[in-house]
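Here the structure comes first, spelled out in structure tokens, and everything after it is commentary.
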Amino acid sequence: MHLRVPRPRSLAGQLFAMQAVLIAVVVAGYALFTYVSDRQQAQEAAGRQARSVALAIADSPSVLEAIRTPDPTARLQPYAVRVMRDTDVDFVTIMDPEGIRWTHPDPRQIGHPFRGHIERAQRGETFTETYTGTLGPSVRAVTPVEDTGRVVGLVSAGIKVEEISKRAQEQLTALLGVAAGALLLGAVGTYVVNARLRRHTHGMNADELSRMHDYHQAALHAVREGLLMLDGQYRVALINDGGRELLGVTGDVVGTSVADLGLPAQLTGALLASEPRVDEVHLAADRVLVVNTSPVSGGEHRGTVVTLRDVTELQSLTGELNSERGFSRALRSQAHEAANRLHTVVSLIELGREAEAVDFATAELELAQALTDQVVAAVGEPVLAALLLGKTAQANERGVELVVSQDSRLDDGLLPPSLPARDLVTILGNLVDNAVDAAQDGVPSRVTVSAYTGAAPGGGPELVLRVSDTGAGVDPAHADLVFQRGYSTKPAGEGGRGLGLALVRQAVRRHGGTLTVAEAEGGGARFEARLPLSDTGPRRAPSDAGDRAPAPDALTGGAIPGGEA
């Protein structure tokens, strides 16, 4: 046999029970206080009524005239009965100065001494007291009847305590009805409030809510992804450690509007959007983020849940993978061409034309070696040299000539550790890809690459990477959009649209450099990246770099990440 341990009452149930008991105690206490107060007031009212009746009788000329007669009872007894009926008092007793009754509700008591205190009245004073007489406990008033300053009689009028209690009980009955109504109304209101609370707490008790809060806090700080919760006015209601790191915000931002966080415009627009966003790629200051937003369900707009994933490394690796795929395609193409040339050499030998075969093979080797020598002589940095050789092969496959300018000079070992090869591949690789895409439509189809070191305007060495093409150039109307994420001149449906130049701008700014675009000599576009070579670690460019409209001679990238020109 299993004993079932009762589940603790829910928080809403506990509050309902507590509020119901509190209301009952308050109403009962008020009822008791009101009853005692009303009883006291009823006694005071009865005393005032008895005093008024006694004074009215004592001041009546007919009473004084009856006292002067030999038999006062004959005239005063009917008068007293009449006054009792008209004034709603329980007794009226008129007596001589010694307290012998002339009148009484019970005629058998006439002629007997008055039961009560009369000394003060005999001295000419009117007073009120509670005394138990022949009719039981009563609140009575005693006053003298005076004739030319002499006390010639006494008058007492009173109301029985039993009658006073009956009046108080009638008031108590009405009070209890009101109290019951108040208790019922309070119980209904408490039930309605607690039913709403029960819906909001899902019927959980205080311990369960406390445990849920602890789990919530632990999970919030344990999750590495960014989590951001916005209220109905798009203010930050909650943000975890990962969200602060990915968005680059510091301090207490709870209650701050998303528009005031200083985020890039397109990322801010995604967070302020009313419709859900699914796996959208956005650029923060120095990160590539995948953003998902989901509105909180329930009628009106209650808020938005935002998740952020850092795919900076993944995006960089994806770019490297795409480059490797391009190299692989170029190698396959070159292998195909090498096979054709080899077949040509073999065929010449089979035809007995050995001299022509040697000349043909030697010319091909010299051409390939000249290209390699040209690139390596200009760019001694191994990563950049390999990148340019691969990009040259890719460009040739697409009918574009890629040349390294004669002013290029970049020796091996010159780049500091603060400028990793991966970032150089991102910058130069995307600039070359962008230029090759643009040069395909030009005549001649050529891309020129320059890479050299020089002195920065503010002092200190810097690396200059310049890529020019013979394409259509940058439309001045689109100059402020060229670096925005999502902007592209590629046809819709092609992969990687609008992200290449945005990644270039992000990498350049991460190292404190500048990125500009201008018209190339002879037409086309010229992109130029300048990166400081001081070995002080990555730096962030000024926040307003590229945020203003570009000048006609050197169009700078916008603050919002962008894509291909």
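Is it the case that A386 is in contact with a Pro (Cβ under 7 Å, 6 or more places away or on another chain), free of Cβ contacts under 8 Å to residues at least 24 places away in the same chain and open to solvent by 10 Å² or more (accessible area, probe 1.4 Å)?
Here the answer is no, as A386 does not meet what is asked.
Got a sec? Which of T103, T134, T143 is of a type in the set (V, I, T) and surrounded by fewer than 20 Cβ atoms within 10 Å (Cβ to Cβ)?
The unique qualifying residue is T134.
Hey, among L261, L271, L283, which residue is modelled with pLDDT of 75 or more and either touching a His at 6+ places or on another chain (Cβ under 6 Å) or buried (at least 19 other Cβ atoms within 10 Å of the Cβ) (or both)?
Numbers: L261 fails: either touching a His at 6+ places or on another chain (Cβ under 6 Å) or buried (at least 19 other Cβ atoms within 10 Å of the Cβ) (or both); L283 fails: modelled with pLDDT of 75 or more.
Matching residue, one of L261, L271, L283: L271.
Return the residue satisfying two criteria in turn: it lies in region 286-304 and is of a type in the set (A, V, I, L, M) and open to solvent by less than 50 Å² (accessible area, probe 1.4 Å), and of such residues it is modelled with the highest pLDDT.
V291
Can you spot a residue in region 515-536 that is modelled with pLDDT under 85, farther than 28 Å from T470 by Cβ and exposed (fewer than 14 other Cβ atoms within 10 Å of the Cβ)?
yes
Surrounded by 17 or more Cβ atoms within 10 Å (Cβ to Cβ) and free of Cβ contacts under 8 Å to residues at least 24 places away in the same chain: which single residue out of A66, A58, A121, A74 fits that description?
A66
Here is a check on your reading of the model: is A435 open to solvent by 50 Å² or more (accessible area, probe 1.4 Å) and either among the polar types (S, T, N, Q) or farther than 14 Å from V379 by Cβ (or both)?
Spelling it out, it is not the case that A435 is open to solvent by 50 Å² or more (accessible area, probe 1.4 Å) and either among the polar types (S, T, N, Q) or farther than 14 Å from V379 by Cβ (or both).
Across region 236-253, what is the total count of residues that are charged (D, E, K, R) and touching an Asp or Glu at 6+ places or on another chain (Cβ under 9 Å)?
1
Hey, any hits in region 466-485 for a residue that's within 23 Å of V425 (Cα to Cα), surrounded by fewer than 18 Cβ atoms within 10 Å (Cβ to Cβ), at pLDDT below 65 and not polar (S, T, N, Q)?
no
Considering only region 416-432, state which residues are open to solvent by 30 Å² or more (accessible area, probe 1.4 Å), within 23 Å of A502 (Cα to Cα) and outside any helix (DSSP H, G or I).
P420
In region 231-248, how many residues are closer than 21 Å to E275 by Cα and either basic (K, R) or assigned to a loop (DSSP other than H, G, I, E, B) (or both)?
4
Among the residues in region 156-169, are any touching an Asp or Glu at 6+ places or on another chain (Cβ under 7 Å), over 30 Å from V36 (Cβ atoms) and either basic (K, R) or surrounded by 15 or more Cβ atoms within 10 Å (Cβ to Cβ) (or both)?
Scanning region 156-169 turns up no residue that is touching an Asp or Glu at 6+ places or on another chain (Cβ under 7 Å), over 30 Å from V36 (Cβ atoms) and either basic (K, R) or surrounded by 15 or more Cβ atoms within 10 Å (Cβ to Cβ) (or both).
Is region 190-202 home to any residue that is under 17 Å from the mean Cα position of the chain (by Cα), open to solvent by 70 Å² or more (accessible area, probe 1.4 Å) and at pLDDT 70 or above?
yes
The values are calculated or read from the model by the stated rules, or taken from the named source; none is laboratory data. All of these numbers come straight from a predicted model, not from anything done at the bench. Cβ sites come from the backbone with ideal geometry, for glycine too, and all protein chains shown count toward neighbours. Ligands, DNA and RNA are excluded from the accessible area calculation, which covers all protein heavy atoms including side chains. Shrake-Rupley method; radii C 1.70, N 1.55, O 1.52, S 1.80 Å.
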